[in-house]
1. For the pair T89/T22, report the inter-label distance in nm, with labels modelled 7 Å from Cα in the Cβ direction.
2. Under the 0.36 nm per residue contour assumption, what length would be gained going from the current alpha-carbon distance of L66 and D43 to full extension?
3. Multiply the residue separation of K31 and E3 by 0.36 nm, subtract the distance between their alpha-carbon atoms, and state the gained length in nm to one decimal.
4. Placing +1 on the Cβ of each Lys and Arg and -1 on the Cβ of each Asp and Glu in the chain, which of S76, T89, G52 has its Cα farthest towards the positive end of the resulting dipole?
5. May I ask you to derive the relative contact order of segment 33-99, considering only C-alpha pairs under 8 Å and at least 6 residues apart, and to give it as an integer percent?
6. Where Lys and Arg each count +1 and Asp and Glu each count -1, what net charge lies around S88 among other residues with Cβ under 10 Å from its Cβ?
7. If the reach is capped at under 19 angstrom between alpha carbons, list the lysines near K12, excluding any in the same chain fewer than eight residues apart.
8. With both partners inside the chain, how many of the DSSP beta bridges are antiparallel, as a percent to the nearest 5?
Amino acid sequence: MDEIVFSDLVDKIILIGITYYTADNELVEQKQLWGRVVEANEDEILVKLSNGELFELPPDLSSTKLAVPGEYRLRSTGELIVDPDYLSTWNVTLNAEDS
């Protein structure tokens, strides 16, 4: 498979998973979001979420991979996403004042 480049993402559906941890590596929260990528470049990856809001991801393609075709159900909302184009997963460690 070829390496993913920013232009591959534009106008594609992306499913985003974010897990937040404390500085002591304790789980704080998990979020799942999805939407259509409206811009992707070396500065940002901008996603128009299913609720219409814009969500910015860091311009790091190492967290993004092609999605296996199928049905993906969001745990938090029960929403069913069918055949997204890409999956992006993130682990975020919060500063002590953020957690």
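1. Inter-label distance under the simple model: 2.4 nm.
2. In short, 6.2 nm is gained.
3. Using 0.36 nm per residue and subtracting the Cα-Cα distance, I get 7.5 nm.
4. The residue sitting most towards the positive pole is S76.
5. On the way: 88 pairs, mean separation 13.7, N = 67.
Computed value for segment 33-99: 20 percent relative contact order.
6. After counting each charged neighbour, the total is 0.
7. K48, K65
8. Once the DSSP bridges in the chain are tallied, antiparallel ones form about 75 percent.
Only the coordinates and a few stated rules stand behind these numbers; no lab work does. Here the structure is a predicted model, which means the values were calculated and not measured. In this analysis, Cβ positions are derived from the backbone assuming ideal geometry, glycine residues included, and neighbour counts consider all displayed protein chains.
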